[in-house]
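No lab work stands behind these numbers, since they all come straight from the coordinates. Please read all numbers here as calculations on a predicted model, not as lab measurements. Don't worry about glycine lacking a Cβ; one is built from the backbone with ideal geometry, like all the others, and counts go over all protein chains shown.
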Amino acid sequence: MKKFKFKKIDAFASGSSTGNPAGCVYLDGTGDITEGEMQSIAAQLKGFVNEVVYIFPEDGGFFLRYFSSEREVEFCGHGTIAAMYDLVAGDGNLRSQNNLSIRVRDERLDVVNDIDGGDAVYITAPLPLIKDTMIDAKTVSAALEIDASAIDTRQPITIVNAGLNTLIVPIHTLDDCLKMHPDLEDLMVFCQDHGIDIILVFSAETASGQRRYRTRVFAPRYGYLEDPATGSGNSAFACYLLHIGAWDGEALAIEQNGDRSNPNIIRLRTVMKDGTRRVQFGGGAVVRIDGEYILY
């Protein structure tokens, strides 16, 4: 039997929105837990949280790994927001620091502490890669089980990796965006066939004039249909907007999920680092459960 410090934290929760649940397991060192145990815990929590983030301390910051019920995830934005917001908010030494560092795989990412000013932490997304894979609107609409006319072909369908291979699909209207409900198994096959981790659909029509876009994110390869608030997906979307010249990089707010009236809010902005414009995504988090996870 092993016991681990565990919290269930809802990232990007604000107002009446519920955010996106993450399981956070806080460890003393990399030898505390095996890869099989990390996968086992994530599988046991299926339906309760979408991903589990494992937080290891290391010199200069923290090392993070992520698992869904199905497999290890290369990068999980909402899990990172949940873990870092909780760590910074609960530690006086960390809270006094404006900037921290985390490691995800072999890449170091900056964390900006804006808890006192904006009730948020911001995470610098991994360096993006725009893929040259071409998928036509007819194929995409069939996978999403929508009419092809709902796709706005004035803007490109593109795969962007900002942590995960994300298929970006422009949709004409908010109604078109909200009413789609693809089949989990069929969409998983589509993603596997095309090397896609998640699918982000977006509309420039929003429920609130204070936000620029509505997004929804589908993640069947990780064992569930929809992710209600996504750091990695919206970071890829931000890189897409920069790539097509639709955004100047100034702060903007994204509303995400399939609920017209109660969307989750993801904040996006850019910073210059080493001569390169980098996307940062930000938000707050709410701890719902604080205790121990017992693994037999």
*With only Lys, Arg, Asp and Glu charged, each at its Cβ (+1 for the first two, -1 for the last two), find how big the charge dipole of the chain is about the Cα centre; round to the nearest 20 debye.*
400 debye
*Working out 0.36 nm times the residue gap between Ser16 and Ala207, then minus their Cα-Cα distance, what length gain in nm do you get to one decimal?*
67.3 nm
_Rounded to two decimals, what is the ratio between the C-alpha radius of gyration of the chain and 2.2 N^0.38 Å?_
0.96
*Along the Cα-to-C-beta direction of Arg154, a point sits 7 Å from the Cα; which residues of the stretch 229-251 have their amide N less than 19 Å from that point?*
240-248
*Using alpha-carbon positions, what is the distance between the centroids of the stretch 231-296 and the stretch 157-224, in Å?*
14 Å
*asked:* At q = 0.09, 0.17 Å⁻¹, what log₁₀ I(q)/I(0) does the stretch 12-146 have when each alpha carbon counts as one equal point scatterer in the Debye sum?
replied: -0.33, -1.00
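Using the 10 angstrom Cβ neighbour count as an exposure proxy, how do His172, His78 rank, fewest first?
Ranked by crowding around the Cβ, least crowded first: His172, His78.
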*Cα lying deepest toward the dipole's positive end in the chain, options Tyr122, Gly231, Gly258, charges on Cβ*: Tyr122
*asked:* Which residues does the label zone of Asn262 cover in the stretch 172-207, counting backbone N under 19 Å from a point 7 Å along Cα→Cβ?
replied: 178-179, 207
*Net dipole in debye of the stretch 25-107 [+1 Lys, Arg Cβ; -1 Asp, Glu Cβ; about Cα centre; nearest 20]*: 260 debye
_Sequence ranges 125-135, 157-167, 227-237, 191-201, ranked by mean other-Cβ count within 10 angstrom, highest first_ = 227-237, 157-167, 191-201, 125-135
_Estimated vicinal HN-Hα couplings, Hz - the stretch 136-151 in sequence order (Karplus 6.51, -1.76, 1.60; Gly, Pro = x)_ = 7, 4, 5, 5, 5, 5, 5, 5, 8, 6, 10, 5, 4, 5, 6, 7
*If r is the Cβ-Cβ distance from Asp110 to Val189 and R0 is 45 Å, what FRET efficiency results, to the nearest 0.05?*
0.75
*asked:* Whole-Hz ³J(HN,Hα) for each residue in the stretch 62-79, computed from phi via Karplus 6.51 cos²θ - 1.76 cosθ + 1.60 with θ = phi - 60°, x for glycine and proline: what do you get?
replied: 9, 10, 10, 10, 10, 9, 8, 5, 9, 5, 5, 10, 5, 7, 10, x, 5, x
*Kindly state, to the nearest 0.05, the FRET efficiency for Met272 paired with Thr173, given R0 = 22 Å and r defined as their beta-carbon distance.*
0.05
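Using the Kirkwood formula over every pair of different C-alpha atoms, what hydrodynamic radius in Å results for the stretch 82-147? Let's see the in-between values first.
Working: mean 1/r = 0.0673 Å⁻¹.
Its Kirkwood hydrodynamic radius stands at 14.9 Å.
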*Among Cys177, Cys76, rank each residue by its count of other Cβ atoms within 10 Å, from fewest to most, as a rough exposure measure.*
Cys177, Cys76
_Whichever lysines have a C-alpha closer than 30 Å to that of Lys5, once near sequence neighbours (fewer than 8 apart) are set aside_ = Lys46
_Under 4 °C and 1.567 mPa s, how fast does the stretch 146-219 diffuse according to Stokes-Einstein, given a Kirkwood radius computed over C-alpha pairs? Answer in µm²/s, whole number._
100 µm²/s
